[in-house]
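Structure, as structure tokens:
Laboratory data are not the source of any read-out in this text; all were calculated from the coordinates shown. Since we're looking at a predicted model, the values are computed, not measured. Counting neighbours? That spans all protein chains shown, and the Cβs are built from the backbone with ideal geometry, glycine included.
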Amino acid sequence: GCTGMDVISILRKKRQPVTGLEIVVNAELTQAPPKRMTSISVKYRVSGEGVDPTAVRRAIELSEENYCSVGLTLKMSVPISSTFTIDE
């Protein structure tokens, strides 16, 4: 949730024409209990006509590296990868 708020806020500050954001998170778990997460993937789906991919990439980087305390905390013990798409 916090990364979504960050990314939208950053993109709006960059005056990107964002009309929506969807985030899908998947995690790989160990087989044995307690089923600990071994990796997390975050997929950002940005909507808006003419949204700059460079701006989206940078907004995600800023969120993941500086602003999202939840992501930064998890990243210390579990690898997190992220991707994005832009739907016009």
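Which Rg and Dmax, in Å, describe the Cα atoms of the chain?
14.0, 47
Find how much the distance from Val25 to Arg12 grows on full extension, using 0.36 nm per residue of separation minus their present alpha carbon separation; answer in nm with one decimal.
Length gained, Val25 through Arg12: 2.4 nm.
Out of Asn66, Gly50, Pro33, whose Cα points farthest toward the positive end of the dipole of the stretch 27-79 (charges: +1 Lys, Arg; -1 Asp, Glu; placed on Cβ)?
Pro33
Just order 75-81, 30-36 by mean Cβ neighbour count inside 10 Å, highest at the front, would you?
75-81, 30-36
Below 13 angstrom from the Cβ of Cys68, what's the summed charge of the other residues (Lys, Arg +1; Asp, Glu -1)?
-3
Work out the length of the dipole vector of the chain about its Cα centre, built from +1 on the beta-carbon of each Lys and Arg and -1 on the beta-carbon of each Asp and Glu, and round it to the nearest 20 debye.
Using only the charged Cβ atoms, the result is roughly 200 debye.
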